[in-house]
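Here's the structure, in structure tokens; my notes come after.
The values are calculated or read from the model by the stated rules, or taken from the named source; none is laboratory data. From a predicted model like this one, the values you see are computed outputs, not experimental measurements. Here Cβ is always computed from backbone atoms with ideal geometry, including for glycine, and neighbour counts include all displayed protein chains. Ligands, DNA and RNA are stripped out before the accessible areas are found, and what is left, the full protein with its side chains, is counted by its heavy atoms. Shrake-Rupley method; radii C 1.70, N 1.55, O 1.52, S 1.80 Å.
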Amino acid sequence: MHAQLVVQVATFIAGFAAFGFGLVGIARSLRLQKLLMAKQEQGLDVRATKADPQVRAAMQSLRAPLLWATVLAVCSVALPSLARLVLA
């Protein structure tokens, strides 16, 4: 019973962390979208927009939260099955 509780708590924490990183990713994605719209209104073409340091930084800051959200979501789904295999 004790091991099952630990697995449930770990699953909850991984899922909650994935949700949090997902929210951070969404916020950064909206900020990137706003920045891209501003660049489009300035009349920059696609190449100039991709080369812009602000756009590059915004795109780079978007990667980590989404990657962590994905990894933690997979872990929260796989953890109960892995625990059953280990504890069996």
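So, with a 1.4 angstrom probe, what is the percent of accessible area on the chain that is carbon and sulfur? Mind showing how you got there, number by number?
Working: 4760 of 6790 Å².
The value for the chain is 70 percent carbon and sulfur by accessible area.
Using a 10 Å cut-off on Cβ atoms, rank the peptides 38-50, 74-86 from the highest mean neighbour count down.
Numbers: 38-50: 11.5, 74-86: 13.1.
With the highest mean Cβ count within 10 Å placed first, the list reads 74-86, 38-50.
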| Computed P(r) (all Cα pairs; the chain; 10 Å bins; percent) | 17, 32, 21, 15, 10, 5, 0
